[in-house]
1. Mind telling me which of the residues B:27, B:31 ends up being away from chain A (no Cβ under 11 Å), crowded, with 24+ Cβ neighbours inside 10 Å and out of contact with any strand residue (DSSP E or B) (no Cβ under 6 Å at 6 or more places or on another chain)?
2. With (1) buried (at least 19 other Cβ atoms within 10 Å of the Cβ); (2) in the same structural domain as residue B:38 (by TED's automatic domain parsing) as the list, and residue B:74 as the residue in question, which single condition is left unmet?
3. Going by the conditions given, is residue B:147 within 14 Å of chain A (Cβ to nearest Cβ) and crowded, with 19+ Cβ neighbours inside 10 Å?
4. Looking only at segment A:1-30, which residues are within 14 Å of residue B:26 (Cα to Cα), surrounded by 21 or more Cβ atoms within 10 Å (Cβ to Cβ) and in contact with a strand residue (DSSP E or B) (Cβ under 7 Å, 6 or more places away or on another chain)?
5. Could you check, for segment B:40-50, whether at least one of its residues is crowded, with 20+ Cβ neighbours inside 10 Å, in contact (Cβ under 8 Å) with a residue 24 or more places away in the chain and facing chain A (nearest Cβ under 9 Å)?
6. What number of residues within segment A:102-161 are farther than 19 Å from residue B:59 by Cβ, in a helix (DSSP H, G or I) and within 14 Å of chain B (Cβ to nearest Cβ)?
7. Among the residues of segment A:197-209, are any over 24 Å from residue A:107 (Cβ atoms), more than 19 Å from the chain's Cα centre (by Cα) and modelled with pLDDT under 95?
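The values are calculated or read from the model by the stated rules, or taken from the named source; none is laboratory data. In this text the structure is predicted, and so the values were computed from the model without any measurement. Here Cβ is always computed from backbone atoms with ideal geometry, including for glycine, and neighbour counts include all displayed protein chains.
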């Protein structure tokens with residue numbers, strides 16, 4: 001099908017885009033990569049009267065790590081909402097500092113869609129199985145929403161309300177995502193992360209996804225952990241309670257299996273045409289186990305490669 | 001009320017094309033209906049099948065997931081642009097014929113665009129990389145094996161020619 005008629009504007013600045021949003025309100029939609037919005041418009045599930053194209057706004061293209069933060073505190077890695085997914089996939093700074101995000105991207109659609117799709121666009125679209133949204137929740141990212149009156153910061157963990165529904169107001173534009181950078185874990189410890197999911201075919205929407213980021217010491221003891229699961233509820237689910245419980249524990253098979261059991265018991269998935277509720281719960285257990293094990297192995301590999309000086 | 005039209009200027013296969021388009025005209029419909037470049041196929045029209053893939057500033061994208069107005073000022077290569085200057089098929093297209101990589105041919109332009117982008121970035125891909133590169137394109141005839149073979153064949157010939 002074809003989209004209904006609409007009018008198109010390509011503002012030159014973010015401020016101008018916000019003014020257009022303020023003027024047209026719910027009749028307008030922002031478009032950047034359009035990889036989720038254009039199909040919705042083709043199927044007439046979305047019928048904006050105005051499309052405001054923000055894909056060329058330089059203000060939304062920043063990928064940066066402010067260098068002036070104290071070393072003993074978590075820093076922040078900034079990703080502009082309009083940065084294309086393929087850019088983060090290939091960006092050395094992003095791969096070094098937010099490896100979980102870079103790793104999640106290989107599960108996002110296909111090369112053809114990642115060449116257009118943006119980091120921010122996937123977050124505001126808020127599909128229940130969206131990988132980037134899950135990573136933002138697990139890492140406890142902060143979303144900077146811009147409107148004509150200024151910036152509002154919203155934790156990713158509070159942003160998602162229901163499938164494809166977020167707390168963003170019609171006149172707001174997601175401008176930047178701030179991923180916390182875990183402080184340098186020190187000489188004897190190292191970070192590791194992993195992302196995994198199960199889908200019918202690679203590139204399809206995930207039935208269930210899971211990811212984890214850990215700091216582990218040389219003896220395999222977990223110093224810090226964050227993890228979460230997607231596709232098992234109305235919104236991406238971070239599991240900070242399990243992360244807190246793992247901190248201080250040795251990451252042996254028994255601990256990992258117990259954490260996965262806890263995760264499976266905390267969720268309340270719904271069944272649908274693609275997977276029953278029981279199968280989703282089973283996948284959550286298996287995937288949490290896999291990502292914890294893989295994140296630990298990743299950390300061990302990183303430890304071997306870490307300069308000893 | 002008549003529909004608002006927008007002026008666009010896009011370089012398509014090396015040629016500057018100017019047009020007035022409605023905002024809702026997708027890039028694939030612009031290519032096929034306005035420019036009569038019907039080599040690019042419209043399949044699912046919502047970003048699943050990959051048949052409409054084109055190169056936008058050198059990168060493969062789905063032309064059904066863009067409005068023509070969004071491509072204003074950009075540069076496109078379609079399947080027609082991969083032919084040799086005299087209009088005969090290029091080496092990759094030849095390899096698809098040689099390896100029997102098509103039956104109905106519907107997915108072929110998207111497959112060749114994806115394969116071309118892969119070989120430009122990575123002239124000697126392994127099988128996993130080939131499968132990943134064409135993973136965004138659906139073929140209902142071949143079972144993909146001959147397509148993978150064709151891309152390997154083309155990669156081998158490229159390496160031979162440049163050696």
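1. Testing whether each residue is away from chain A (no Cβ under 11 Å), crowded, with 24+ Cβ neighbours inside 10 Å and out of contact with any strand residue (DSSP E or B) (no Cβ under 6 Å at 6 or more places or on another chain) leaves just B:31.
2. (1)
3. no
4. The one that is within 14 Å of residue B:26 (Cα to Cα), surrounded by 21 or more Cβ atoms within 10 Å (Cβ to Cβ) and in contact with a strand residue (DSSP E or B) (Cβ under 7 Å, 6 or more places away or on another chain): A:6.
5. yes
6. 1
7. Checking segment A:197-209: not a single residue is over 24 Å from residue A:107 (Cβ atoms), more than 19 Å from the chain's Cα centre (by Cα) and modelled with pLDDT under 95.
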